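Peer 1: I'd like to ask you about the structure that follows.
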Amino acid sequence: MPTSVRLDPAVEARLENLARVTRRSKAFYLRELIEQGLDDLEDAYLGAAALEAHRRSGEPAIPLEVLMEDLGLED
């Protein structure tokens, strides 16, 4: 899916230099950045959304020690 983004001129220059020196396309590096960074973004933002939904639900939290014991992970 074609997508466009505006980059800071300094970032664009770095990307262009990397592509030129390595003889790869800028699109290659942008895909790499997105694919590698998407896991981290999902963890951060979806985790925060899940935490907020849990807090709004009013359900009690399970202490870590209890959860570890229930799962058989205690020391």
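Peer 1: Can you give the translational diffusion coefficient of segment 12-75 in µm²/s, computed by Stokes-Einstein from the Kirkwood radius over Cα pairs at 10 °C and 1.306 mPa s?
Peer 2: Here the translational diffusion coefficient equals 102 µm²/s.
Peer 1: Using θ = phi - 60° and the Karplus form 6.51 cos²θ - 1.76 cosθ + 1.60, what ³J(HN,Hα) does each residue of segment 49-58 get, whole Hz, x for Gly and Pro?
Peer 2: 5, 5, 4, 5, 5, 5, 4, 5, 5, x
Read-outs: derived from the displayed coordinates by stated rules, not from any lab. Bear in mind that the values here come from a model prediction, so they are computed numbers and not experimental data.
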